[in-house]
Amino acid sequence: MYNIKLVNKIAKVGIDVFDTDKYNVSEDAAEAVALMVRSAKLHDTVFDKETIAIARAGAGVNNIPCERCADEGIVVFNTPGANANGVKELTVSALLLAARDIVGGIAWAEELEADGQVAAKVEKGKSRFAGSELMGKTIGVIGLGAIGGLVANACVRLGMKVIGYDPHLSVTAAWNLSGSIIRAESYDDIYTKSDYISLHIPALPTTKGMINAEAIAKMKKGVKIINLARGELVNIPDLKDALASGAVSKYVTDFPSDETLGTPGIINIPHLGASTEESEDNCAVMAANQLCEYIEYGNIKNSVNYPAVAIPPSATTEVGGRIGICHKNIANMIAGITGRISATGLNIEHMANGSRGEYAYTLIETTGKIPESVAEAIRIMDGIISVRII
């Protein structure tokens, strides 16, 4: 029986993925082989020695110590694309909120006194909340992955001129983009041409604080910035200076902070990007399926700290006939592993290997059950992080 610990509340459809004959899934599961988490911070968590995987029901993994997990042989999964439609729809809402002072208008209307003159007051006061239409405006979409691609396509359908930039655009993502989207050559190309800018990239050392005074100076005066990706992408002190000067006219964020509250021109959305029933269900189901694939077959898909490696299960797959090895990406590792398996007389039927930076993963399927002595012989090799007979 495998114990799965729920660190946060996970949608029931995700929990239902686990076969109750094989898995015990609960919030108080001890000696858990895997954790399921949403937003809980795990940086100070001491993981059980039995823990081999963490599944984040969402795309961002800032709340998980991914590198430390890699060093401990814990594969960290996320669920890219599962909440993409929910974030896309909220981004469209954010664009509309930035285009007109809808938030201010609603707040003003709610404060009107019900004295029989409300309609007249509305007609007299509504002009202060007027704005502009999205049609015909230029939007720069930074990041054209699962979410950014959907946003870009939606903006085309809204009649906007869309330019996009993604230095890491995959072939699959490119095929899903509308032919009307113009390819930008750089961030600067986005900055200089856009009336609206929408961010859809992760917070990395290279992107943190990328929207700063220097970047804003290259933008059109009065640009409107939408950030439903990560709060760390924007240097808030620089942004507030730009709002005060009129260089930026609106900033819509899904990540309120002490710095953003109460600032004219900033619209704070309370982190609602993936807060739909559909998104939560999709993320939970994807996360659960990925854990089952890894626990039962050793297959890795959508990991953020180890490579994608898989051998499809077949009718001949035997329990105990697979071995999964997390190791450092160093020379002669594969030869050492296969040599120790072959020395027992076992024939290697299938093998898959991949690397991600300094880490690598090797999955091997043999013609018979692998004895624990083989696992022990591999564990003592230099560079081996963890070994598991599956």
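The values are calculated or read from the model by the stated rules, or taken from the named source; none is laboratory data. These figures come from a predicted structure and were not determined experimentally. Virtual Cβ from ideal backbone geometry, glycine too; neighbours counted across all protein chains shown. Areas reflect the complete protein model, heavy atoms only, side chains present, ligands, DNA and RNA absent. Shrake-Rupley method; radii C 1.70, N 1.55, O 1.52, S 1.80 Å.
Eigenvalues of the Cα gyration tensor times 5, then square-rooted: what semi-axes does that give for the stretch 193-344, in whole angstrom, largest first?
48, 20, 11
Magnitude of the Cβ-charge dipole of the chain, K/R +1 and D/E -1, about the Cα centre, nearest 20 debye? Don't skip to the end; give the middle numbers.
Numbers: 36 positive and 45 negative charges, 237 e Å.
Its charge dipole is roughly 1140 debye.
Test of understanding: what is the full-extension gain from Ser178 to Glu278, defined as 0.36 nm times their sequence separation minus their Cα-Cα distance? Intermediate results must be reported in sequence, preceding the final value.
On the way: separation 100, 0.36 × 100 = 36.00 nm, distance 2.47 nm.
That works out to 33.5 nm of additional length.
When the chain is treated as a GNM, springs tying every alpha-carbon pair under 10 Å, which of Ala352, Ala120, Ala375 comes out with the largest mean-square fluctuation?
Of Ala352, Ala120, Ala375, the Gaussian network model singles out Ala120 as fluctuating most.
Given Cα pairs under 8 Å that are at least 6 residues apart, what percent is the relative contact order of the stretch 1-127? Write out the running numbers ahead of the final one.
Details: 149 pairs, mean separation 22.1, N = 127.
Computed over the stretch 1-127, the figure is 17 percent.
For the stretch 213-223, just list the computed ³J(HN,Hα) in residue order, Karplus coefficients 6.51, -1.76 and 1.60, θ = phi - 60°, integers in Hz, with x standing in for Gly and Pro.
Coupling constants for the stretch 213-223: 4, 5, 5, 5, 4, 8, 7, 4, 5, x, 4 Hz.
Per residue, what volume in Å³ does the convex hull of the Cα atoms of the chain enclose?
Working: hull volume 68.2 nm³, N = 390.
Taking the convex hull of the Cα positions in the chain, it is 175 Å³ per residue.
Which ³J(HN,Hα) values in Hz, rounded to whole numbers, follow from the phi angles of the stretch 135-151 under the Karplus curve 6.51 cos²θ - 1.76 cosθ + 1.60, where θ = phi - 60° and Gly and Pro get x?
Once rounded to whole Hz, the list reads 4, x, 7, 9, 10, x, 9, 9, x, 10, x, 4, 8, x, x, 5, 4.
Taking every DSSP beta bridge with both residues inside the chain, roughly what % is antiparallel (nearest 5)?
On the way: 22 of 60 bridges.
Counting only bridges with both partners in the chain, antiparallel ones make up about 35 percent.
Which value in nm describes the separation of the simple spin-label points at Glu110 and Ser373, placed 7 Å from the Cα toward the beta carbon?
7.3 nm
Counting only helical runs of four or more DSSP H residues, what would the 222 nm mean residue ellipticity of the chain come to if each run contributes -39,500 (n - 2.57) and the total is spread over all its residues?
On the way: 13 runs with 121 residues, N = 390.
Taken over the chain, the calculation gives -9000 deg cm²/dmol.
Quote the relative contact order of the chain in percent (integer), defining contacts as alpha-carbon pairs under 8 Å separated by 6+ residues.
Numbers: 776 pairs, mean separation 57.8, N = 390.
Computed value for the chain: 15 percent relative contact order.
Just the Kirkwood number for the stretch 159-201, please: inverse of mean 1/r across all distinct Cα pairs, in Å, one decimal. Please report the intermediate quantities before stating the final value.
Numbers: mean 1/r = 0.0893 Å⁻¹.
The Cα-based Kirkwood calculation yields 11.2 Å.
Between the stretch 85-126 and the stretch 332-376, how many Å separate their Cα centres?
63 Å
For the stretch 304-346, state the semi-axes of the equivalent ellipsoid (square roots of 5 times the eigenvalues of the alpha-carbon gyration tensor), sorted largest first and rounded to whole angstrom.
Numbers: eigenvalues 85, 67, 10 Å².
Rounded to whole Å, the semi-axes are 21, 18, 7.
If you take the C-alpha gyration tensor of the stretch 80-173, multiply each eigenvalue by 5 and take the square root, what semi-axes do you get, largest first, in whole Å? Before the final figure, lay out each step's value.
Values: eigenvalues 271, 40, 14 Å².
Values for the stretch 80-173, descending: 37, 14, 8 Å.
For the pair Ala213/Ala130, report the inter-label distance in nm, with labels modelled 7 Å from Cα in the Cβ direction.
Those two pseudo-labels are separated by 3.6 nm.
Return one whole number: the accessible area per residue of the chain in Å², for a 1.4 Å probe. The partial results should precede the final answer.
Numbers: 18890 Å² over 390 residues.
That works out to 48 Å² per residue.
Calculate the spin-label point distance for His271 paired with Ala308, positioning each point 7 Å from the Cα along the beta-carbon direction, and give it in nanometres.
2.8 nm
When you have a sec, figure out the Kirkwood radius of the stretch 279-390 from all distinct Cα pair distances and drop it here in Å to one decimal?
On the way: mean 1/r = 0.0692 Å⁻¹.
So the Kirkwood estimate lands at 14.5 Å.
What number, in nm² with one decimal, is the all-direction average of the projected area of the convex hull of the alpha-carbon atoms of the stretch 11-73?
Numbers: hull surface 18.7 nm².
Result: 4.7 nm².
Along the stretch 52-66, what does the Karplus equation 6.51 cos²θ - 1.76 cosθ + 1.60 (θ = phi - 60°) give for ³J(HN,Hα), rounded to whole Hz, x for Gly and Pro?
So the Karplus estimates, Gly and Pro as x, are 10, 7, 10, 10, 8, 7, x, 8, x, 10, 4, 8, 10, x, 4 Hz.
Which entries in Lys161/Lys221; Lys88/Lys250; Lys88/Lys208; Lys41/Lys328; Lys41/Lys208 show an alpha-carbon gap greater than 29 Å? Write down the numbers at each step before the final one.
Working: Lys161/Lys221 18 Å; Lys88/Lys250 19 Å; Lys88/Lys208 22 Å; Lys41/Lys328 26 Å; Lys41/Lys208 19 Å.
Pairs exceeding 29 Å: none.
Using a 1.4 Å probe on the protein chains only, how many percent of the accessible area of the chain belongs to carbon and sulfur?
Values: 9870 of 18890 Å².
Here carbon and sulfur together make up 52 percent of the probe-accessible area.
What residue among Ile378, Ile102, Ile269 shows peak mean-square fluctuation when the chain is described by a Gaussian network model with Cα springs under 10 Å?
With Cα springs under 10 Å in the chain, the top fluctuation among Ile378, Ile102, Ile269 is at Ile102.
Assign unit charges at the C-beta atoms only (+1 for Lys and Arg, -1 for Asp and Glu), then state the dipole size of the stretch 126-198 relative to its Cα centre in Debye, rounded to the nearest 20.
Values: 7 positive and 6 negative charges, 79 e Å.
Roughly 380 debye, rounded to the nearest 20.
Using +1 at the Cβ of each Lys and Arg and -1 at the Cβ of each Asp and Glu in the chain, identify which of Ile225, Met160, Ile295 lies farthest towards the dipole's positive end.
Most positive-ward Cα: Met160.
How much of the DSSP bridge set in the stretch 204-341 is antiparallel, in percent, rounded to the nearest 5?
Working: 1 of 10 bridges.
Bridges in the stretch 204-341 are about 10 percent antiparallel.
Among Asp195, Asp101, Asp21, which one shows the highest mean-square fluctuation when the chain is modelled as a Gaussian network with alpha-carbon springs under 10 Å?
Checking each option, the largest mean-square fluctuation is seen for Asp21.
Placing +1 at every Lys and Arg Cβ and -1 at every Asp and Glu Cβ, with all other atoms neutral, what dipole size does the stretch 141-292 have around its Cα centre, in debye to the nearest 20?
Values: 12 positive and 16 negative charges, 124 e Å.
Here the stretch 141-292 has a charge dipole of around 600 debye.
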